[in-house]
Amino acid sequence: MTTEASSAADSFAELRARSEADWESWQRPIRPRIDIALDTSSISAGAGPVRDAIERESRARTAAVDLGRMVGVGLQWLNPVVAITWPDGTRVLYGPVKPEHAGALLDEATGRVGAAAAITIGTLAGSRPGVPRVFDHPFFSNEVGRRLLARIGYTDPESLEHYVATGGYSAVQRMLTRHQGPEAIRQAMLDAGLTGRGGAYFPAGTKWTFLATAANPERYLVCNADEGDPGAWVNRIILEGDPHLLVEGMIIAAAATGARHGFIYIRAEYPLAQARVKQAIEQATAAGFLGTGVFGSEMDITLEVIRGAGAYVCGEETGLISSVQDGRGMPRVKPPFPAAAGVFMKPTNVNNVETYSTAPLILRNGSEWYRQVGTERNSGTKIFSFSGDIERIGFTELPWGVPLPSVLEACGGMSGGMPLKAIQAGGPLAGYLPARLLSELTLERETFVPHGALVGSGGIVFIGTDTCSVDINATFADFLEDESCGRCTTCHGGNQRMTEIFRRIQLAGGRREDRHNLELVGNTLQYSNCVHGQASPTIMRNTLRFFSDEYEAHVHNGTCEALRCTGFSRYRVVDQTDPRLPRAQAICPTEAITEDAEGYRILDERCIRCGACEELAPRGIALEAAPAGTPVPRERAYGSPGGRQR
Amino acid sequence: MPLETEATAQIRALLDGLKPNDADLLEALHRVQHRYGYVSAEAMRVVGEQLGLATAHVYGATTYYADFRTTPPPQTLIAWCAGAACRLKRSDGILRALEAVLDIRLGEPDPQHRYEITRGQCNGTCELAPMAWVNERVVARITPARAITFARALAAGASTEEALTAFEHSLEGGNP
């Protein structure tokens, strides 16, 4: 060991000892501490006013209580959450918390246990009679032990010390001080079977070898944190809740590939994630984990955050690279692959947040350990986020291969007992499968592929029977058109056509030739340069295959069973005795409700089908199927045509 | 030494430390927009000079991204969530209602630049669906009637704060 290395090892040991003491006192504080979950979901649900109320109440009482910070553990329908930790190490989670619960929480914290019984979720540490463990909640029934999410709920996400105390940076420190070579690191990733978590599932070790063997020694790492698929927020959990895990993962990738600089491209919609990762980079730099001669070795590695500005297609790796290097996020044709010509035309490795973040776990615990869960063909775990028409919306970390029916059960089933209609996994490019396939599907790409769909990046949306497949297609086609970079005529033109056709069908203007034309558009789209255009027809194809009857009902029978499409539905006054009809009339934004001697009447040609009247007078007004020829204000049928192709 | 207007000098100061070929264009545009609320033609020129890029190149990048504006922001910017979970909860009706009351279309401000509706993108808070961000503030569990109450307040000249209060009041009172 060189002098630098041995002094670095000493200072790491010192930091670790200090951190362990720090975290120990956080777990067993001298006086009770209330941690408020500060992540995007909790903040959106009102964590800020909750913190203010607790702070105010605590000051007013001069309570012997401290305030701290955490992130939510996945039960997002119970947000905002807080946790109280007592000197004996007991840690209890509460939610949904409102500002008016401040008093009860302070009572609870200061010894009147049971004061906040109504909002008690469960224990995170220690035990309390009559209070269940949080992770015994049925929502987590498919989890097999948290790996990527191990710190979520148990540390302060802004504390380097908490990260170090829980084993953080020990993998990279050991790797560098024991001179574990780049080949050995890459081999460990290959042995573990780690694949790209962004949705393509390419072996990470192989990708790293491409970069490591590139001719040019000036190499870059890029972290794709442009998580744009609607319904997927798995990367956000790591970025906001455990940012050092990503930083450590990128240091490992740098050691394995010879890269000396990394860009972390975080989407514009995640400002808190941007701030937390920036802070983690600063902390790691100050501690000597980033910079020159990290951990006393000869290795140099720096990281920087690039803030995105709102463009879905920057999640495609060549689009992301062109966005980083000064410009529009225009994807380009591959090859050359980023390993040959990436950022500034230099060899570059692009991985997803979860892929990099898994590397420290594998180095620390070994490939064998990593393979202990998952399936033969897909090892390890992945974070998934669940949304749509389900009772419990949130995220969990699951091993590959969990049957989808169990996932839906853990999510509390469909809301209000509505039957499941479809599963939309992996965002707008990945697919739309019918409920009857549920029992065949598992959380594994291989069970989706035979049906022409993908698992994708980890967002799963369960869709109930009150949604229309044609409407779903119009929505996603519109999204794909809006987010097309505009380079390929096949993509911007194809998605425009697809949007127009579905919108026309929604307005009861479907034509016999539409199916043929949609198939034609699909065939053309697949010749686009990048995956955005190529995969754009996926949902449309799934629809024509699995929801053919529903599609045909729109085109040939003039019906939309779900009553979602404006051309096939209308609001009608069904009960003139409903006393709330005057309020319904008053709320109508287009003055479509008139009153005469016979009572209230809705003028179809004015009604924009917004639903406000039915909301206020649910007994008097109902949505029903519209007879053929029912007028609808076409100019107000949708939002604008949109489009990025300027 | 060419003469500089005060505004140019200010923008140049804002871009301090950014350099050509250093992946700094997005950062430069973020800084300008954060300071001024939009990216003006003058700012595009100064950014181009600082980063060694043609103004046209900077313009191309600015207009590519949904978040960068080339006009001053309206008093009230409504980012309507276009995500799937919101759509399942009938967010399309909410958009139509907002458009009707404010007499604007998605992406097009009113002539007085008082309000504008843009597409918001899913950030994984789907438990709050259907939602929107009004001047970056989260507005959760919107219904058509509540959206109309909010928009009518705006159209009648209320400030964003006042309109949001009307919205929240409609939540507490059950119905508007």
Single match in A:G231, A:G262, A:G249 (criterion: small (G, A, S), modelled with pLDDT of 95 or more and in a strand (DSSP E or B)): A:G262
Residue list for the range B:1-29, restricted to those being assigned to a helix (DSSP H, G or I), surrounded by 11 or more Cβ atoms within 10 Å (Cβ to Cβ) and of a type in the set (G, A, S): B:A7, B:A9, B:A28
Matching residues, the range A:58-83, being closer than 14 Å to A:T110 by Cβ, touching a strand residue (DSSP E or B) at 6+ places or on another chain (Cβ under 9 Å) and of a type outside the set (A, V, I, L, M, F, W, C): A:S58, A:D66
Inside the range A:433-480, the number of residues satisfying the requirement of being more than 20 Å from the chain's Cα centre (by Cα) and outside any strand (DSSP E or B) is 24
What do you reckon, is B:T160 among the polar types (S, T, N, Q), more than 11 Å from chain A (Cβ to nearest Cβ) and touching a residue at least 60 places away in the same chain (Cβ under 8 Å)? yes
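Quick grid of which residues meet (1) in contact with a helix residue (DSSP H, G or I) (Cβ under 6 Å, 6 or more places away or on another chain); (2) farther than 30 Å from A:A359 by Cα:
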site: A:E100; (1), (2): no, yes
site: A:R112; (1), (2): no, yes
site: A:A115; (1), (2): yes, yes
site: A:A118; (1), (2): no, yes
site: A:R133; (1), (2): no, no
site: A:H137; (1), (2): no, no
site: A:N142; (1), (2): yes, no
site: A:R146; (1), (2): no, no
site: A:L160; (1), (2): yes, no
Residue tally, condition in contact (Cβ under 8 Å) with a residue 12 or more places away in the chain and closer than 21 Å to A:R328 by Cβ, over the range B:23-40: 11
Within the range B:99-116, identify whether any single residue is of a type in the set (F, W, Y) and at the interface with another protein chain (Cβ under 9 Å from one of its Cβ atoms), and answer yes or no. no
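Each row is one residue, and each column tells you yes or no for (1) surrounded by fewer than 23 Cβ atoms within 10 Å (Cβ to Cβ); (2) in contact with a strand residue (DSSP E or B) (Cβ under 9 Å, 6 or more places away or on another chain); (3) outside the structural domain of A:G401 (by TED's automatic domain parsing).
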{"site": "A:R436", "(1), (2), (3)": "yes, no, no"}
{"site": "A:A453", "(1), (2), (3)": "no, yes, no"}
{"site": "A:I460", "(1), (2), (3)": "no, yes, no"}
{"site": "A:E481", "(1), (2), (3)": "no, no, yes"}
{"site": "A:C485", "(1), (2), (3)": "no, no, yes"}
Within the range A:91-200, considering only helices (runs of 4 or more DSSP H) that don't extend past its boundaries, which have at least 3 residues that are over 30 Å from A:A453 (Cβ atoms), over 30 Å from the mean Cα position of the chain (by Cα) and not aromatic (F, W, Y)? A:102-109, A:170-177, A:182-192
Give the residues of the range A:209-221 that are under 20 Å from A:G319 (Cβ atoms) and either without any contact (Cβ under 8 Å) to a residue 24 or more places away in the chain or buried (at least 24 other Cβ atoms within 10 Å of the Cβ) (or both), sorted by residue number. A:L211, A:Y220, A:L221
Of everything in the range A:571-605 that's basic (K, R) and more than 13 Å from chain B (Cβ to nearest Cβ), which residue is surrounded by the most Cβ atoms within 10 Å (Cβ to Cβ)? A:R572
Which numbered condition A:E409 misses (of (1) surrounded by fewer than 21 Cβ atoms within 10 Å (Cβ to Cβ); (2) farther than 21 Å from A:G193 by Cβ; (3) in contact (Cβ under 8 Å) with a residue 60 or more places away in the chain; (4) touching a Leu at 6+ places or on another chain (Cβ under 9 Å)): (4)
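Residue-wise test of (1) within 12 Å of chain B (Cβ to nearest Cβ); (2) in a loop (DSSP other than H, G, I, E, B); (3) of a type in the set (D, E); (4) under 18 Å from A:G199 (Cβ atoms).
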position: A:G310; (1), (2), (3), (4): yes, yes, no, no
position: A:C314; (1), (2), (3), (4): yes, no, no, yes
position: A:I321; (1), (2), (3), (4): yes, no, no, yes
position: A:R328; (1), (2), (3), (4): yes, yes, no, no
position: A:I362; (1), (2), (3), (4): no, no, no, no
position: A:Y370; (1), (2), (3), (4): no, no, no, no
position: A:E397; (1), (2), (3), (4): no, no, yes, yes
Among (1) crowded, with 20+ Cβ neighbours inside 10 Å; (2) over 22 Å from A:P331 (Cβ atoms); (3) within 14 Å of another protein chain (Cβ to nearest Cβ), the one test that A:A477 misses: (2)
Listed residues B:G83, B:G60; which is closer than 30 Å to B:R146 by Cβ, within 11 Å of another protein chain (Cβ to nearest Cβ) and not hydrophobic (A, V, I, L, M, F, W, C)? B:G83
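The values are calculated or read from the model by the stated rules, or taken from the named source; none is laboratory data. Small disclaimer: the values here were computed from a predicted structure and weren't measured. A quick note on method: Cβ atoms are made from the backbone with ideal geometry, for glycine too, and the neighbour counts reach across all protein chains shown.
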